[in-house]
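Please see the structure below; I have some questions.
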Amino acid sequence: MTVTVKICGLSTEETLDAALDAGADMVGFVFFPKSPRAVSNERARQLADQARGKAEIVALTVDMDDAALAAIVETVRPDWLQLHGGESVERVAEIRRRFGLPVLKALGIREAADLAGIGAYAAVADRLLLDAKPPKGATLPGGNGVSFDWHLLDALDPGLAYMLSGGLDAGNVAQALAVTHSPGIDASSGVESAPGIKDPDRIRAFIAAIRGFRPNPDHSRALAGERISS
Ligand SMILES: O=C(O)c1ccccc1NCC(=O)[C@H](O)[C@H](O)COP(=O)(O)O
């Protein structure tokens, strides 16, 4: 199983190169002014041009209106739009239709009830990003470095196109994969030395931990419905 790896919130040439050289499949640029990782459209264009052809470029937005989205699409020319706010199912479908780009829709997970929207959003988005819900009092809707109970995903449809996100780092990502066998992994804080400061060594260690993960063959057989003797 090849795991798609996204490094989010990149903002310098050096750390972007570290992510690309380490084999990141997706690189994310944050257009949320309160974020320590926020970049301007022009800055993101420069970084996107550096990444183009090496990794998929993800523009991360939060409840953004069409005019602002159009400016990003025109300037940055992203491969994906990540919607990380309270966008409704209908709004996700509208954005996908209007801009003609694949949409990565983030859903905040804290408890089993938070999984209820997965089906409806999976029907309109190209991929889901299952992230930890922001802790109480958080100023950011994402990028908080907190995780959720990955076993909440035990009953997830094995074919769901999603990325696991929230508090992942080189030290816990193998366990996250062992529990979820997620087809995608996303991180921001866990590859930083301080909020917004990406660390090349942490990026390299994180991606190495993912690439080095070997799934338990029994898990695959169980997913295929085969009874596994204990
Ligand atoms: O990263 C941010 O600053 C951010 C700000 C506003 C909305 C979303 C944001 N990040 C979204 C991401 O895709 C993060 O990678 C994801 O939330 C996981 O973050 P972390 O727990 O820090 O790895």
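Can you tell me the Rg and the Dmax, both Å, for the Cα atoms in the stretch 1-152?
In Å, with Rg to one decimal and Dmax whole: 15.0, 41.
Would you mind checking which residues have amide H under 5 Å from Asp199's amide H? H placed 1.01 Å from N; only 5 or more apart, or other chain.
Those qualifying (amide H under 5 Å, at least 5 residues apart or on another chain) are Glu192, Ser193.
A further question follows. If you keep only loop residues by DSSP, which GluC sites (Glu not before Pro) in the stretch 49-129 have at most 13 other Cβ atoms within 10 Å of their Cβ?
Hits after loop and neighbour filter: Glu111.
Compute the distance in nm between two label points, each set 7 Å from the Cα along the Cα-to-Cβ direction, one at Ala68 and one at Asp149.
3.5 nm
Please list the non-local residues whose amide H lies under 5 Å from the amide H of Val5, H modeled 1.01 Å from N, same-chain partners needing a gap of 5 or more.
Those lying under 5 Å, H to H, from Val5 are Asp25, Met26, Ile185.
Can I ask one more? Got a sec to turn the phi values of the stretch 61-78 into Karplus ³J(HN,Hα) couplings, 6.51 cos²θ - 1.76 cosθ + 1.60 with θ = phi - 60°, whole Hz, x for Gly and Pro?
Listing the rounded values in order: 10, 9, 6, 7, 7, 5, 5, 5, 5, 4, 5, 5, 4, 5, 7, 8, 6, x Hz.
So, one more: Evaluate E = 1/(1 + (r/R0)^6) for Asn172 and Glu111, where r is the Cβ-Cβ distance and R0 equals 22 Å; express this FRET efficiency to the nearest 0.05.
Calculated value: 0.65.
In whole percent, and with a 1.4 Å probe on the protein chains, what portion of the accessible area of the stretch 73-151 is carbon and sulfur?
The C+S portion of the solvent-accessible surface of the stretch 73-151 is 51 percent.
Provide the per-residue ³J(HN,Hα) series for the stretch 147-164, in order, calculated from phi with Karplus coefficients 6.51, -1.76, 1.60 and θ = phi - 60°, each as a whole number of Hz, with x at glycine and proline positions.
In residue order, the calculated couplings are 10, 10, 5, 5, 5, 4, 8, 4, 9, 5, 4, x, x, 5, 7, 8, 10, 8 Hz.
Starting from the Cα of Lys54, draw a straight line to each of the aspartates and glutamates and keep only those under 13 Å, dropping any in the same chain fewer than 8 residues away.
In chain and number order, the partners are Asp17, Asp21, Asp25, Asp79.
What FRET efficiency comes out for the pair Thr12/Ala161, r = Cβ-Cβ distance, R0 = 30 Å, nearest 0.05?
Taking R0 as 30 Å, the efficiency between Thr12 and Ala161 is 0.50.
For Arg52 and Ala208, what does the FRET efficiency come to when R0 = 25 Å and r is the distance between their Cβ atoms, rounded to the nearest 0.05?
0.55
Straight distance only, please: which lysines reach the Cα of Lys198 with their own Cα at less than 16 Å, same-chain residues fewer than 8 apart left out?
The qualifying lysines are Lys6.
For Arg110, enumerate residues with amide H under 5 Å from its amide H, sequence gap 5+ or separate chain, H modeled in the peptide plane.
Under 5 Å from the amide H of Arg110 lie the amide H atoms of Lys133, each far enough along the sequence or on another chain.
Does anyone have the angle between helix 89-99 and the longest principal axis of the chain? Alpha-carbon axes, 0 to 90°, nearest 10?
50 degrees
For the stretch 8-111, what's the relative contact order in percent, using C-alpha pairs closer than 8 Å and at least 6 residues apart?
Relative contact order comes out at 22 percent.
Would you mind counting up the charge near Asp169? Only other residues with Cβ under 11 Å from its Cβ, with Lys and Arg at +1 and Asp and Glu at -1.
With Lys, Arg at +1 and Asp, Glu at -1, the net is -1.
Quick one: Karplus J couplings for the stretch 34-47, per residue in order, coefficients 6.51, -1.76, 1.60, θ = phi - 60°, nearest Hz, x for Gly and Pro?
Ordered by residue, 3J(HN,Hα) equals 6, 6, x, 9, 4, 10, 7, 4, 5, 5, 5, 4, 4, 5 Hz.
Can you give the accessible area per residue of the stretch 115-175, in Å², using a 1.4 Å probe?
45 Å²
The values are calculated or read from the model by the stated rules, or taken from the named source; none is laboratory data. Predicted model, so just to flag it, every value in this text is computed and none were measured. Please note: Cβ atoms are built from the backbone with ideal geometry, for glycine as well, and neighbour counts cover all protein chains shown. Only protein heavy atoms, including side chains, enter the accessible area calculation; ligands, DNA and RNA are left aside. Shrake-Rupley method; radii C 1.70, N 1.55, O 1.52, S 1.80 Å.
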